[in-house]
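A.B. asks: I'd like to ask you about the structure that follows.
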Amino acid sequence: MNDLIATYYFKPKAGVTPEYAAQAISEEQTTGTWTGISTVNEKTAYVHAYDGEVLELAPSGSGFQTKLSFPYEIFEPGNIPQYLSVVAGNLFGLGKLEAVRLLDIEIPKGLDGTGPKFGIEGIRKICGTETSRRPHVGTIIKPKVGLNPKDTAEVAYEAALGGVDLIKDDETLTDQKFCPLMVRLEMVMDALERAKEETGREVLYALNVTTGGDRILEIASNAVKAGANMLMVDVLTAGFSAVQCLASEPSINVPIHVHRTMHGALTRNPEHGIAMRPIAKLVRVCGGDQLHTGTVSGKMGGKADEILGDNRALTGPAGKLLTVFPVASGGLHPGKVNAEITTLGNEIVLQAGGGIHGHPDGTAAGARAMRQAVDAALAGVSANEYAKTHIELQKALDIWGSV
Ligand code: CAP
Ligand code: MG
């Protein structure tokens with residue numbers, strides 16, 4: 001079948017049968033509305049070719065799970081906002097439902113876009129880890145805002161010397177007066193060049209180009225021309241179209257790091273809203289090369305089986321689409337690295353902001369401690385054991401402990 005399949009959890013209000021509720025979602029998002037309508041009549045009966053269909057319905061938890069199919073023809077290929085209007089449209093407020101959550105979508109061939117330009121392999125190639133397959137380590141410059149370009153570049157330099165693969169702006173840092181984007185880019189790239197002369201390693205800098213739709217492409221193009229080697233965009237604040245716009249522009253020939261500010265507002269309630277899985281699949285379709293999916297031990301919670309499934313949606317087969325590098329971020333530090341790798345595996349970017357810059361000996365030592373924690377996990381040695389011969393890791397564990 002070439003239709004788009006969407007899976008929902010829902011809880012009908014008292015007195016509403018689950019069959020009626022599933023049908024109501026399906027109709028609301030296709031050819032029906034809350035009442036019979038005169039515009040669907042004998043003459044226009046052809047519209048029923050575009051009816052949604054309830055494929056499955058079964059009890060789940062304290063509600064029900066249903067799989068609905070939406071006809072291929074009602075989608076405009078490549079128009080992701082329109083896909084979302086169908087599968088995540090007017091249904092979250094339906095009065096007959098107490099709760100409804102979009103859990104997953106299966107995107108058929110033809111609606112699946114062109115996907116990432118680089119993917120995991122492309123990024124590993126840039127960073128020289130295609131053979132070792134070790135998890136990547138990243139850092140977010142902290143404080144989130146306030147540092148001037150020179151000091152931002154200094155932090156980046158330290159982090160690169162310490163061994164990170166990726167340095168990124170925080171989501172609130174864009175192009176403010178205290179740290180203009182183009183000046184910051186130039187200084188950070190110079191700093192990374194200096195670090196490369198010492199280490200021989202290429203480090204990515206994800207410059208946050210998230211901005212209004214009328215300017216994002218211009219800012220991104222200027223940044224790439226000026227030597228940016230990665231761009232960052234926030235998918236939920238700037239929208240899927242922003243990711244798509246950057247990824248589909250041939251001259252933007254650098255990987256796209258996709259952040260997801262705001263996601264907890266959609267994903268957190270287990271009975272209502274939108275799960276991360278559909279978001280992850282759409283980011284892959286849009287062409288994101290890296291995507292935050294969450295941590296199992298970090299500050300923002302996260303259920304291991306859900307995150308694993310989300311990561312598989314990024315790294316598993318999806319027609320001709322390249323893979324997306326899953327990013328675990330939020331409250332990570334060296335003492336949590338083992339828990340993340342044990343659960344999520346090696347095809348992951350482990351990002352730490354506070355967990356690197358909070359090291360008592362500074363950013364370079366913090367980055368070293370993260371890399372040592374990764375080495376320990378890969379060697380099957382506990383962080384505490386490894387720390388006996390690795391002072392940076394020891395000092396990190398002394399303040400934050402390990403899980
Ligand atoms: C982490 C972070 C990231 C979040 C994103 C922050 O900083 O920079 O943006 O991890 O969350 O601002 O919180 P710390 P998610 O390492 O200092 O915690 O990946 O869940 O979307
Ligand atoms: Mg952040």
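The values are calculated or read from the model by the stated rules, or taken from the named source; none is laboratory data. The structure presented is a predicted model; accordingly, all values stated were derived computationally and were not measured. When we count neighbours, we look across all protein chains shown, and the Cβ atoms used for this are built from the backbone with ideal geometry, even at glycine. The area values use the complete protein model at the heavy-atom level, side chains included, leaving out ligands, DNA and RNA. Shrake-Rupley method; radii C 1.70, N 1.55, O 1.52, S 1.80 Å.
A.B. asks: If we keep just the residues of region 137-183 that are in a helix (DSSP H, G or I) and surrounded by fewer than 18 Cβ atoms within 10 Å (Cβ to Cβ), which is nearest to ligand 2 (Cβ to nearest atom)?
C.D. replies: Ranking the candidates gives 151 first.
A.B. asks: Could you list all residues from region 57-105 that are in contact with a helix residue (DSSP H, G or I) (Cβ under 9 Å, 6 or more places away or on another chain), over 21 Å from residue 288 (Cα atoms) and of a type in the set (Asp, Glu)?
C.D. replies: Selection gives 73 alone.
A.B. asks: Taking residue 236, is it within 15 Å of ligand 2 (Cβ to nearest atom), in the same structural domain as residue 337 (by TED's automatic domain parsing) and free of Cβ contacts under 8 Å to residues at least 60 places away in the same chain?
C.D. replies: yes
A.B. asks: Kindly list, by first and then second residue, each pair from a residue in region 79-94 that is in the same structural domain as residue 66 (by TED's automatic domain parsing) to a residue that is in a loop (DSSP other than H, G, I, E, B) and among the aromatic types (Phe, Trp, Tyr), limited to pairs with Cβ atoms under 7 Å and residues at least 6 apart or on different chains.
C.D. replies: Hits for this filter: 82/75; 83/75; 86/75.
A.B. asks: From the set of residues in region 305-337 that are buried (at least 23 other Cβ atoms within 10 Å of the Cβ) and of a type in the set (S, T, N, Q), which is farthest from residue 168 (Cα to Cα)?
C.D. replies: Selected residue: 311.
A.B. asks: Here is a follow-up. Within the group 102, 94, which residue is among the aliphatic types (A, V, I, L, M), at pLDDT below 95 and either within 16 Å of ligand 2 (Cβ to nearest atom) or not in a helix (DSSP H, G or I) (or both)?
C.D. replies: Of the residues listed, the single one that is among the aliphatic types (A, V, I, L, M), at pLDDT below 95 and either within 16 Å of ligand 2 (Cβ to nearest atom) or not in a helix (DSSP H, G or I) (or both) is 94.
A.B. asks: Among the residues of region 208-247, which ones are touching a His at 6+ places or on another chain (Cβ under 9 Å) and not hydroxyl-bearing (Ser, Thr, Tyr)?
C.D. replies: Within region 208-247, 208, 230, 231, 232, 233, 234, 235, 236 meet the criteria.
A.B. asks: Does residue 352 fit the bill of being free of Cβ contacts under 8 Å to residues at least 60 places away in the same chain, open to solvent by less than 10 Å² (accessible area, probe 1.4 Å), out of contact with any Gly (no Cβ under 6 Å at 6 or more places or on another chain) and under 13 Å from residue 137 (Cα atoms)?
C.D. replies: No.
A.B. asks: Report, ordered by the first and then the second residue, all pairs with beta carbons closer than 7 Å, sequence separation of six or more or different chains, a first member in region 106-121 that is among the hydroxyl-bearing types (Ser, Thr, Tyr), and a second member that is open to solvent by less than 50 Å² (accessible area, probe 1.4 Å) and in a loop (DSSP other than H, G, I, E, B).
C.D. replies: Within 7 Å, the pairs are 114/287.
A.B. asks: Same structure, new question: When residues of region 267-277 are filtered for being free of Cβ contacts under 8 Å to residues at least 60 places away in the same chain and surrounded by fewer than 20 Cβ atoms within 10 Å (Cβ to Cβ), how many remain?
C.D. replies: So the count comes out to 1.
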